[in-house]
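The values are calculated or read from the model by the stated rules, or taken from the named source; none is laboratory data. Here the structure is a predicted model, which is why all the values come from computation and not from measurement. Quick reminder, even Gly has a Cβ in these numbers, built from the backbone with ideal geometry, and neighbours come from all protein chains shown. With ligands, DNA and RNA removed, areas are computed over all heavy atoms of the protein, side chains included. Shrake-Rupley method; radii C 1.70, N 1.55, O 1.52, S 1.80 Å.
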Amino acid sequence: MALHLLGLPHEVLHGIFLNTDPQGLARLCCCRALNDFIKNDRLLYKELYLKYFDEPPKNPDGSELFWNAELKRRVNFQKILESKDASLKIAQLQNVTECIQDLLTTAAVGSEPSLNISFLTQLFESQQNIDIFLCGSFLFDWAKSEAWGNSATARVRRDIQSTNTSLELNRSSIEPSDLEATGSAIVIPHELRRTPLAHVQTSDSEAPTRTFRCQLNIPTEAASAYVSRDRSTERQLSGKLHCLYGASIDRIRKDAVTSSRYSLRSDTALIHPYARSLVYDLRQHTENTLWGPFLDDGSCNVDWEKMEAIMIVIDHSIKFSTGEHHEFYGMMEVQDKSFLGATPNSFVSPPQTLRMQPALPLEAQDPYSVTGTWRRMICFLDYAELYDFNFNDEEPEVDQPRKPIDTQEAIRLITMKIRITKIEPPGEEDGQALPVVHFHGSSHSLRPHWDPSAKSKTKGTVRLTPQGEVRWTTLSVYHGEERWRSEGIQVGGVRSARGVLGYWFDKDHDEHGPAGPTSFWKYHDGIEEKQPTARDHPPMSQFTYSLY
């Protein structure tokens, strides 16, 4: 075949190879001549890349990308997600997360469908990819261990295999009696890995901490050191991927044949009671967390496990809401379609059906597209129930969560009309890539329309965290006095359609609450001059997040 191909003009060869799958390009390098031709045909790599993926921006210096390297990165990513090897996928979680983030950041926005989003959506039609990449946070481990007891066995086995895959262990060189400690993990020899894990004992108090007593055929100290190692990075990455994916994974189920697995909106054990327990646990509202969805270390790093729990609670409340679909205009579609809206600049204002106030020149300098009409949703428990949940006699240990709760939240759906008032340089503790934008406006209740507590003045700021996430801080002002505050992160980055997830709380940071989850998303770039009605909205099949 190579001899016949080599006899063809280079233009014809280029056209033939352009119609191959990127994964099959390597198989065509079956001789030195074809290998050299493909390796040096830079245009081929570029055209193949643009055939399957959205065009990324140029390098900061204006030069083009190394298309062969970019295409190989995408092919390697695709091979990992199409593999059936679960341990390989777990070992590559960090690389997979970075590649997904890169694909979303460079995804095309506008009227044309994004090739990047379509590519990711197809890969995450795999149930195994959903299980491994989207269900690895503490929230799911906790629900799974309580629901199925011994299911933690599969988790331990999975982590042991992934560690060995990650370290590329030379199994043949290790004797059965050898155990080597590498960092905080224990390398399990090949012979021991083939020995089935014995029963994993857990109790209600132990399950949430994910520290299990494993009766393995290895020294107790080694097993304990392995299973208690810090997996916080892995859990955070999984929580972030779930937030970017968007569609809520409501339930976990036990398959009678295989090990327990997660699924999208299907039978038995609900996940939202566990998410609700994390969201309404007032112990996480501290000065170090800025009373928002941040890690408890004062770093202003986003806590993606908190963000995941907020997303699940909000999504559940929306789906059980009796409101009309038009009230959630702008969120239903992006929340039900994987990765949609979780990209920078993905918000596109709908056609104007109402008279809008003209934009001011200051808006042209606003990188966050703050000015406009926003929808907000606030969830809250009855204060007596919130107090009893947090301050009853059954106080758990510091490192353990409170019990799952099935109490349904009350919700308020609010319209915010805001415009920017000032733009200033970022402070020392802010991300330096974009300025700080101040805004003010008003809020009124959309449902229930009579609620006086939802009618207020609104003000706040938008800025970048040191890690580059878009942070929103809002304040509700009643009769000139500040009352409620919220901290949130915009999922997907600057001007994303997915909107903001976070917490609302008392502006004086009362340790006894009240507090709860909130979400808001942009409805229109303009500011409506009159109260919208159902007739003002086109038919919708969309869900929206809005909070206070």
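Per the conditions (1) surrounded by fewer than 16 Cβ atoms within 10 Å (Cβ to Cβ); (2) modelled with pLDDT of 85 or more; (3) not in a strand (DSSP E or B), the sole criterion not satisfied by Leu386 is (1). Filter region 354-374 for residues that are at pLDDT 60 or above and surrounded by 13 or more Cβ atoms within 10 Å (Cβ to Cβ) and give the result. Once the filter is applied, which keeps residues that are at pLDDT 60 or above and surrounded by 13 or more Cβ atoms within 10 Å (Cβ to Cβ), region 354-374 yields Met356, Leu362, Glu363, Asp366, Pro367, Tyr368, Ser369, Val370, Thr371, Gly372, Thr373, Trp374. Taking first residues from region 432-454 that are farther than 12 Å from Val370 by Cβ and partners that are modelled with pLDDT of 75 or more and open to solvent by 60 Å² or more (accessible area, probe 1.4 Å), the Cβ contacts under 7 Å between residues at least 6 apart in sequence or on separate chains come to Ser442/Lys457; Ser443/Lys455; His444/Lys455; Ser445/Lys455. Listed by first and then second residue, the pairs linking a residue in region 294-305 that is assigned to a loop (DSSP other than H, G, I, E, B) to a residue that is surrounded by 15 or more Cβ atoms within 10 Å (Cβ to Cβ) and of a type in the set (A, V, I, L, M, F, W, C), with Cβ atoms under 7 Å apart and 6 or more places separating them unless they lie on different chains, are Cys300/Leu290; Cys300/Phe294; Asn301/Phe294; Asn301/Leu295; Asp303/Phe294; Asp303/Leu295. Taken over region 474-510, the criterion of being of a type in the set (Gly, Ala, Ser), open to solvent by less than 20 Å² (accessible area, probe 1.4 Å) and in a loop (DSSP other than H, G, I, E, B) is satisfied by Gly492, Gly493, Ser496, Ala497, Gly499.
For beta carbons closer than 9 Å, sequence separation of 6+ or different chains, a first residue in region 36-49 that is without any contact (Cβ under 8 Å) to a residue 60 or more places away in the chain and a second that is open to solvent by 60 Å² or more (accessible area, probe 1.4 Å) and of a type outside the set (Asp, Glu), the qualifying pairs are Phe37/Leu6; Phe37/His10; Ile38/Ala26; Asp41/His10; Arg42/Phe66; Tyr45/Phe66; Tyr45/Lys72. In region 115-123, the condition of being in a loop (DSSP other than H, G, I, E, B) and in contact (Cβ under 8 Å) with a residue 40 or more places away in the chain is met by no residue. I need the full set of residues from region 89-127 which are open to solvent by 70 Å² or more (accessible area, probe 1.4 Å) and either touching a Cys at 6+ places or on another chain (Cβ under 7 Å) or charged (D, E, K, R) (or both), in order please. Passing the criteria: Glu98, Glu112, Glu125.
Only one entry of Leu103, Leu81, Leu48 meets the criterion of being under 31 Å from the mean Cα position of the chain (by Cα), in a helix (DSSP H, G or I), at pLDDT 90 or above and farther than 29 Å from Ala433 by Cα, and that entry is Leu81. Checking each residue in region 51-78 for being assigned to a helix (DSSP H, G or I), touching a helix residue (DSSP H, G or I) at 6+ places or on another chain (Cβ under 6 Å) and hydrophobic (A, V, I, L, M, F, W, C) picks out Trp67, Leu71, Val75, Phe77.
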